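> I'd like to ask you about the structure that follows.
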Amino acid sequence: MRLHAPLLPYTISLWLGCTYGLDGIGTLTFIFLTWLLLGCWIGFNWGYCITVSRLILFVCCSVIGIFRSYYEINNRPFPDGELHKFTITSCRPMPISHSRNIYGYGSTKEIGKTAFIWPEEFDFPSKELVVWGIWNDLPEVKPNSTFNLKKYYSSLGCRGVFKPLIQVGETKSLITLPDKYRIRMKMLIDSSGVKQPAAGLLMGLSTGDKSWINKSTKSLFARSGIAHLLAVSGYHVGIVGSLPLLLFRSRRREIRWFGALGLAAIWAFITACGSPWSAVRAGLMVTAGCIGKWSGRAILPWQGLAVAAWIVVWIDPWAPQQLGTQLSFAATSAILATVSSPKFLLFRIPIAAQAATMSWAASIFKQLPIFFLPLNIIASVIVTLIGISLGIGSVINEVAPSLSKVLIKFSGYVVNICLEYLLKLDFITPLAVEIKYDKYFIVISLAVWGWLLQSTIPKTLSRLLSATSLLFILGSLLMILFDIKFS
């Protein structure tokens, strides 16, 4: 696979512009990063020579990002602690009860996605509602709290938290396609006799709804380094559309057009799962590849990733600041840099994805999974088996309900066995190490990025990036040893 990525600098420029316009980064940081990117392009010749027109286009992309963010600011209110009237158009996923409130999130006509703290004396909405309430910033976590509200909702892309006070009226039903899909999958899993915690994991794998998974199971998956399996991403999208998309390999144009069935199935699945950005990114990349196949011109994966990044940030300028979006694009970039050679992909892809996201693991999650490589290799085979079994079982339910229940129950049985062995491994040895000095892991991640992108960015730049990071680590270790010796 060719790693030519001429759209990459312009995409980074657009993301920087949007992030700067929404106060995600300061002015000095924006100038420094822009100058650093331009300096690397000018000094190291990023894939093709820089010209005046390309330099102007690069600057224009940042300006476009800033104007897009300003449009968002001027047309969408910000959390100000004041009384607002919002029209709630959807609520997803299932709400979580905690203390005397019900926590959920959804979309409104006025501000887009927001979190809800619903008083228990009000009924949680099952219809489109017009309500008055207070809209605040996401609160900081309390010292003795067991529920990090800000971290939970920020990862979902919510801009604030809305607490209703007065209900004005109801209009139409709130049952949307994602709601119908989740309800149907839950009914199928329950009717097949699958019990918790396997039932919650099957819901997470099939719909991305993690509200049925208990806290201990989520923590177990996070320490194991396989929590990404519970978020609908490119892996799930690939399973859904793998068979129909094989038709694109045919030389006959009329057969390739049947591959549209796979593309339609992929977007139906993404919509039914609530359209998380990780799944939308995968769907856009697949769509770009399909368009290239239909037109007879191959669109390189890096170009598809850049196009997906443009579309995502144009739809939602807040997306680059969301943790899920950052992890999705970072891991995908690392995987694309790895698959240039077909050798040992089963080992190289998990290593690349884990190493590329190490800086997030160090600075946000404060832990690093020890057994991520063997567990991801094993999980890739098992999840594919579960996904195929669960998918076939849900499709044939109307035609052969007894066989459908057998397949879904088999999926739950496999999940239970895997959970049992994972708990045994966690009992025998720790699955993750706690990170105290996150800056070293962030620097190591930069060194890994220099190695991963050696065929995408100039080789001199990648070597300089890796060498500088390693020298920083070596210098820090020498200073620690020096302090120990003379203390």
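The values are calculated or read from the model by the stated rules, or taken from the named source; none is laboratory data. What you are looking at is a predicted structure, and each value in this text was computed from that prediction instead of being measured. Heads up, the Cβs are rebuilt from the backbone with ideal geometry, glycines too, and the neighbour counts pull from every protein chain shown.
> Being part of a loop (DSSP other than H, G, I, E, B) and surrounded by 12 or more Cβ atoms within 10 Å (Cβ to Cβ) is the filter here, so list the residues in the range 14-38 that pass it.
Correct list: L22, G24, I25.
> Can you tell me which residue is modelled with the lowest pLDDT among those in the range 17-31 that are under 13 Å from A319 (Cα atoms) and hydrophobic (A, V, I, L, M, F, W, C)?
Across the range 17-31, the extreme among qualifying residues is L22.
> Then there's this: Looking at K409, K366, can you tell me which residue is surrounded by fewer than 21 Cβ atoms within 10 Å (Cβ to Cβ), of a type outside the set (A, V, I, L, M) and at positive phi?
K366
One line per residue, one yes/no per condition, for (1) modelled with pLDDT of 75 or more; (2) of a type outside the set (K, R); (3) surrounded by fewer than 20 Cβ atoms within 10 Å (Cβ to Cβ):
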| site | (1), (2), (3) |
| --- | --- |
| R223 | yes, no, no |
| V237 | yes, yes, no |
| L246 | no, yes, yes |
| A260 | no, yes, yes |
| W277 | yes, yes, no |
| C290 | yes, yes, no |
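> Modelled with pLDDT under 80, in the same structural domain as S224 (by TED's automatic domain parsing) and out of contact with any strand residue (DSSP E or B) (no Cβ under 8 Å at 6 or more places or on another chain): which single residue out of I364, I377, I408 fits that description?
When all the criteria are applied, what remains is I364.
> Now a separate question. Out of (1) surrounded by 20 or more Cβ atoms within 10 Å (Cβ to Cβ); (2) modelled with pLDDT under 70; (3) assigned to a helix (DSSP H, G or I), the odd one out for T460 is which?
Of (1) surrounded by 20 or more Cβ atoms within 10 Å (Cβ to Cβ); (2) modelled with pLDDT under 70; (3) assigned to a helix (DSSP H, G or I), only one is false for T460: (1).
> Further, regarding this structure: Can you tell me which of L345, L305, L323 is at pLDDT 80 or above and not small (G, A, S)?
Going through L345, L305, L323 in turn, the sole match is L305.
> Now for a different question. Under 9 Å by Cβ, and 6 or more places apart or on different chains, what pairs join a residue from the range 68-83 that is within 17 Å of Y20 (Cβ to Cβ) with one that is of a type in the set (D, E, K, R) and surrounded by 15 or more Cβ atoms within 10 Å (Cβ to Cβ)?
Pairs that qualify, where the first residue is within 17 Å of Y20 (Cβ to Cβ) and the partner is of a type in the set (D, E, K, R) and surrounded by 15 or more Cβ atoms within 10 Å (Cβ to Cβ), are E72/D316; F78/R159.
> For the range 413-446, which positions are touching a strand residue (DSSP E or B) at 6+ places or on another chain (Cβ under 9 Å) and at pLDDT below 70?
F441
> Counting only residues that are touching a residue at least 40 places away in the same chain (Cβ under 8 Å) and crowded, with 22+ Cβ neighbours inside 10 Å, which one in the range 307-319 is farthest from C61 (Cα to Cα)?
Only one residue tops the list, namely A319.
> Spot the failing condition for V399; the list is (1) touching a helix residue (DSSP H, G or I) at 6+ places or on another chain (Cβ under 9 Å); (2) without any contact (Cβ under 8 Å) to a residue 40 or more places away in the chain; (3) surrounded by fewer than 14 Cβ atoms within 10 Å (Cβ to Cβ), and only one is missed.
(1)
> Here is a follow-up. Which residue pairs have Cβ atoms under 6 Å apart, sit 6 or more places apart or on different chains, and have a first residue in the range 348-359 that is at pLDDT below 75 and a second that is not hydrophobic (A, V, I, L, M, F, W, C)?
So the pair list comes out as R348/T338; M358/S445; S359/S445.
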